[in-house]
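Peer 1: This is the structure, below, for whatever I ask next.
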Amino acid sequence: MAKKKSNKSEQKENTKATESAEKTEAAAVENNDELEKLKTEFETQKDQFMRMAAEYDNFRKRTEKEKLATYDNAVAATVEAFLPVVDNFALALASEAEVSDEFKKGLEMIQKQLDNAFEKLNVVSFGERGDEFDPELHNAIARTSDEELEEDRIATVYQKGYKIGDKIIRHAMVQISE
């Protein structure tokens, strides 16, 4: 009988061990399922975070670009208001009228101050004789034959062009060679 008891207790222990192993295995499978769910949720959250970070970076860059464009537009509008004055000073300096040296020197000083102010504002003039004609920058109002210049070169500048960065404030008004 002692053997029967020991067999029964061994069977009970084996049954308990089997049940324990099955529970451990079921818990491991459950933990794997839970781990997979957590991994999937983590990847989803990570993807959302990366998209949000990229969206924010694009927003920051776009806002910075818009800020710079707003500044350039304000400067361009202001400079555009002064361009007739600049043109008149250039005409006065180029005129052949007889004026005193002091008067001419005064005009040159004012012209130099205007040029320095434009330089500080990053405003660049363009459209010089001999430059290649670019329809994006120049407004051709006439053609002429000029032996000194190749075809499609600026022969005469009637009005200089101005730009700030890539923004054209005013196109240069020119005559081009044939």
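The numbers here are math on the coordinates, done by the rules we state, and not lab data. Only a predicted model underlies this, so the values are computations on that prediction, with no experimental measurement involved. All Cβ positions, even for glycine, are placed from backbone atoms using ideal geometry, and neighbour counts span all protein chains on display.
Peer 1: What does DSSP give for the chain in terms of the percent of beta bridges that are antiparallel, rounded to the nearest 5?
Peer 2: Bridges in the chain are about 65 percent antiparallel.
Peer 1: Quick check on the exposure proxy: order Y162, Y56, Y71 from fewest to most C-beta atoms within 10 angstrom.
Peer 2: By the 10 Å Cβ count, ascending: Y56, Y71, Y162.
Peer 1: Hey, what angle do you get for helix 2-94 against the long axis of the chain, alpha-carbon based, 0 to 90 degrees rounded to 10?
Peer 2: 10
Peer 1: Applying 1/(1 + (r/R0)^6) with R0 = 41 Å to the Cβ-Cβ distance of K112 and N73, what FRET efficiency is obtained, to the nearest 0.05?
Peer 2: Step by step, r from the Cβ atoms, then E = 0.95.
Peer 1: Also, I was wondering about something else. Is it possible to state the helix-based mean residue ellipticity at 222 nm for the chain, with each DSSP H run of 4+ residues giving -39500 (n - 2.57), the sum divided by total residues, to the nearest 500 deg cm²/dmol? What is it?
Peer 2: -24000 deg cm²/dmol
Peer 1: Separate question: What does the charge dipole of the chain about its Cα centre add up to, to the nearest 20 debye, if the Cβ of each Lys and Arg holds +1 and the Cβ of each Asp and Glu holds -1?
Peer 2: The calculated dipole for the chain is roughly 2160 debye.
Peer 1: Among A94, I154, I169, whose Cα sits farthest toward the positive end of the charge dipole of the chain (+1 at Cβ of Lys/Arg, -1 at Cβ of Asp/Glu, about the Cα centre)?
Peer 2: I169
Peer 1: A further question on this structure: By the gyration tensor of its Cα atoms, with a ≥ b ≥ c the square roots of the eigenvalues, what is the shape of region 76-147: rounded for a/c under 1.5, prolate for a/b over b/c, or oblate?
Peer 2: Judged from the Cα gyration tensor, region 76-147 comes out oblate (a/c at least 1.5, b/c at or above a/b).
Peer 1: Using a Gaussian network model of the chain with C-alpha springs under 10 Å, which one of L35, L83, L93 is most mobile by mean-square fluctuation?
Peer 2: L35
Peer 1: Using only alpha-carbon positions, what ratio does the radius of gyration of the chain give when scaled by 2.2 N^0.38 Å?
Peer 2: 2.60
Peer 1: Springs between alpha-carbon pairs under 10 angstrom, Gaussian network model over the chain: which of E22, E43, E80 fluctuates most?
Peer 2: Of E22, E43, E80, the most mobile in the Gaussian network model is E22.
Peer 1: Angle, helix 101-120 long axis vs. longest principal axis of the chain, Cα atoms, 0 to 90°, nearest 10?
Peer 2: 10
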